[in-house]
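A short worksheet on the structure shown next.
The values are calculated or read from the model by the stated rules, or taken from the named source; none is laboratory data. Note that the structure is a prediction, hence the values are computed from the model and not measured. With ideal geometry, Cβ positions are generated from the backbone for all residues, glycine too; neighbour counts draw on all protein chains shown. Heads up: the accessible areas ignore ligands, DNA and RNA and are worked out on the full protein's heavy atoms, side chains in. Shrake-Rupley method; radii C 1.70, N 1.55, O 1.52, S 1.80 Å.
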Amino acid sequence: MDLSGKKKIDDQLGRFRREAEERAAQRKAKEEKIPYFNLAGASINLDALKLISEEKARAAKVAIVDSKRKELAIVVHDPKNAKTQELVDELKGKGFTLSFFISSVTGLEKAWERYQEIKAAPDKGALGEVDVGGTEAFKKIGFEELTPKLKEIEDRTGGSSTSDLLDFILGSAIGLGISDIHFETEKEDTLLRFRLDGILYDVYKLQKKTYSSVLNRLKLLSGLKINVADAAQDGRFSTKFGETYIEIRTSVIPSEYGETVVMRVLDPKTISLNLPDLGLRPDDQELINFELKKPNGTILVTGPTGSGKTTTLYAFLKAVRSPEVKTITIEDPIEYHLDGVSQTQVDPLSGYTFAAGLRSILRQDPDIILVGEIRDLETAEIGMHAALTGHLVFSTLHTNDAIGAIPRLIDLGAKASIIGPALNLIIAQRLIRKLCEFCKIETTASGEVLSKLKNFVSGLPDKTKKLYDGKPIKLFEAKGCEKCRGGFKGRLGVYEFLKCDDELESLITSEATEESIRRVAKKQGMVEMQGDGVLKVIAGVTTFQEVERVTGPIEWLS
C-alpha cells in the first residue's frame, strides 16, 4: 500500500473514532440531562476562556466559552469529576452563575488550543484583544492624511514602530469604514491598498524591510506560522476599537515577490443592519415581511462574494428572532454575534462541515436555521428536507441572478421534485455606492433620457409603478467633499425577488428552462436587479454610472 492510501485509511479511522467519541458525549449529556455542545467550530469568547488558566482548565476538563456579566457558559466532560466540581464550587464562590454543557475531550481540546492565541501577543493582551487606541482621532481621519502619517511612522527608529504602524493601519481603516486591507508585494516595495464601498484605493508604499516586520507581526497575531512562506495560510484576530471588538480575517498567499496579504475587516456596525436599512423598496419590503412570517420553507440569497448576502441574512435573523423560537446557525465564519441566536462555525479539519453541522443542528430541535452557504449536494438536500419538515431555512448560493439558483441546485444533483416544494423565495443582490448626501448635486437630464425613464416607469408592475408614477424625476451626480470619497459614501443593495409559487413549482418539477422560468418571474411582477438600480437613480440615491458598474450597460437607455 502506498503512503497516500495509508494516509486515507488513517484519516478515515480517525474520523470514525471522533464520531464515536461525540456519540458517547451525547449519551452522557442525555443521562445527565445537560445539553450537549459540539465545540468543533464553535464560537468561543476569549475574554471568557481566560477567566481560568489553561492548566486549571485541562486539569478539570472544562472550558468557559462565553460570559455575560456574571453569567458563564461552561463546557465540561464529566460533571461528576472531582476536579470539575472543585472548579465549579470556586467559580460559584466568586459570584458566577453557571450554565452547563457537555462535550467530548476532543472538543475541549479545540477550546484549549485557543489559549495559544491568548499567549501570542503578550504586549497587547490576548489575541482578540489588540487595542489600537486613539479611537476618536481615527474616527475623524481622512484619506489625505494617511500617506504623510504612514511615512512618519515608517521613518521612526526603535522596536515599537512596527506595532505603531500596524495599529495606525488598523485604526485608520476601521475609522474610514474600510472593508478590506491589501498588502501587495512588488519588486521594490509593497503597496498598501484599502477597499472602501467596493472600490480599491492605493494608500502607501511600504519599504521591503518594513513590510517584513509588519508581515511577521500579522502572522503572530493571526496564529499563523512565521517560518512558512511558500504556502497559503488563513488566520484571524480581533482588535478593540473603543468599546467594540472587530474581527480581522487574515489571508496570506505566496506571490512572485513575496507574500501578499488581505485582511477582511468585520466591523459589527457595518453588518448589523435591520431590514429597513438594506435599501429595499416598499413593495419588496412587504414581500419579505410576508415570507418571514412563514413557519417553514427556504429563503435563498444569491450573489458573488462581497455582495452583502450575509448582511441580508443577519437582517432576516434579527427580524424573526424571539424568545419563543430556537434559532441556530452554521457559518464560515461567524461574522457578527447575535443575541438570542445559537451560532456555530464550520471546522473541516474536525469534520464539522456545513452538511455535518446541519445534521447536528437538526437534532437540537430548531425552528429557524441559517446555513452560511450551500456548496454541495449533501448540504442542499439536508437543508431542503429540513424546510419540508417544518423548519424555516435561510442560506446563500453563488449564482448571477435569482433565476439561476434553480439550475444551480439541479447541477449540484438536487432532485427537481423537492426543490420546488422546499423553496419559498430566491433573492439576488449586488451592492452599489450611495451618493454623498452632503455634496451630491442635481443634474439636468435630456428630454430623450426623461422620456425613456418615463416609459420604463410605465412598464413596471402595478405594485411598483404606483410608487413612482406621476412623480417628478430628479437625477443627481457625484461631486466630492471632505465627508466622502469621490462623491459617494456608503452602499445599499439592488435586488430581484423570485417567488416560488404553485406555477413556478410546477415548472421546476418538469425541469423547465431558464427562459420559461423568466416568463413566470415577469408574470409575478419581478423587477430585475438593474431595474431596481434605475429606480434608485430616480430616487436620487445613486447614479446611472454606478448601476452600470455593478450590473452592466443599461442598453435601453443608450
Can you give the direction-averaged projected area of the convex hull of the alpha-carbon atoms in segment 281-432, in nm²? 8.9 nm²
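Translational D (Stokes-Einstein, µm²/s) of segment 479-533 at 25 °C and 0.890 mPa s when Rh comes from the Kirkwood sum over C-alpha pairs?
D = 178 µm²/s.
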Residues whose built amide H sits under 5 Å from the amide H of Ala402, excluding neighbours closer than 5 in sequence, are Ala428
Using the heavy atoms of the protein chains and a 1.4 angstrom probe, tell me the accessible area per residue for segment 238-355 in square angstrom. 42 Å²
Could you give the nm distance between label points at Ser53 and Asn400, where each point is 7 Å from its Cα heading toward the beta carbon? 6.1 nm
Sort 400-413, 366-379 by packing, meaning the average of other beta carbons within 10 Å per residue, with the highest value first. 366-379, 400-413
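Hey, which of these cross-link pairs are over 21 Å Cα-Cα: Lys151/Lys209; Lys139/Lys318; Lys294/Lys499; Lys70/Lys318; Lys56/Lys80?
Lys139/Lys318; Lys70/Lys318
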Please work out the C-alpha center-to-center distance from segment 212-246 to segment 349-370 and express it in whole Å. 29 Å
Estimated [θ] at 222 nm from DSSP helical runs (n ≥ 4, -39500 (n - 2.57)) normalised by residues in the chain, nearest 500: -12000 deg cm²/dmol
So for the pair Leu275, Ser161, with labels modelled 7 Å out along Cα→Cβ, what separation do we get in nm? 5.5 nm
Disulfide-incompatible cysteines by the Cβ rule (no partner under 4.7 Å) in the chain: Cys500
Just list whichever of Lys61/Lys110; Lys140/Lys219; Lys50/Lys110 have alpha carbons separated by over 19 Å in the model shown. Lys140/Lys219
Determine how many Å³ per residue the convex hull of the Cα atoms of the chain encloses. 191 Å³
Quantify, in whole percent, the carbon and sulfur part of the accessible surface of the chain (1.4 Å probe; protein heavy atoms only). 50 percent
Mind putting a number on the dipole of the chain about its Cα centre? Charges go on the C-beta only, +1 for Lys and Arg and -1 for Asp and Glu, and I need it in Debye to the nearest 20. 800 debye
Name the helices (complete DSSP H segments) of the chain with a Cα length along the long axis of 18 Å or more and a Kyte-Doolittle mean of at least -0.5, or state none. 161-176, 208-222
Rounded to the nearest 0.05, what FRET efficiency do Lys92 and Glu448 give with R0 = 51 Å and r taken as the Cβ-Cβ distance? Could you check? 0.10
Virtual paramagnetic centre 7 Å along Cα→Cβ of Lys187, amide N under 18 Å, in segment 242-266: 255-259
In the full protein assembly as shown, how much of Met526 is accessible to a 1.4 Å probe, in Å² to the nearest 10? 30 Å²
Given 0.36 nm per residue, what is the gain on full extension from Arg359 to Lys466 after removing their alpha carbon distance, in nm? 34.0 nm
Calculated FRET efficiency, Glu152 and Leu412, Cβ-Cβ r, R0 60 Å, to nearest 0.05? 0.70
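Can you give the % of DSSP beta bridges in the chain that are antiparallel, to the nearest 5?
Within the chain, antiparallel bridges account for around 65 percent of the total.
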Short version: what are the Cα gyration tensor semi-axes of segment 190-232, square root of 5 times each eigenvalue, largest first, in whole Å? 23, 14, 9
Taking a quarter of the surface of the Cα convex hull of segment 411-558, what do you get in nm²? 10.5 nm²
Take the Cβ-Cβ distance between Asn455 and Val320 as r, set R0 to 30 Å, and report the resulting FRET efficiency rounded to the nearest 0.05. 0.15
Excluding near-sequence neighbours (fewer than 8 apart on one chain), segment 396-456 holds lysine pairs with C-alpha atoms under 28 Å apart numbering 4
Would you work out which of Ser322, Ile253, Ser272 lies farthest towards the positive end of the dipole of segment 238-335, given +1 charges on the beta-carbon of Lys and Arg and -1 on that of Asp and Glu, about the Cα centre? Ser322
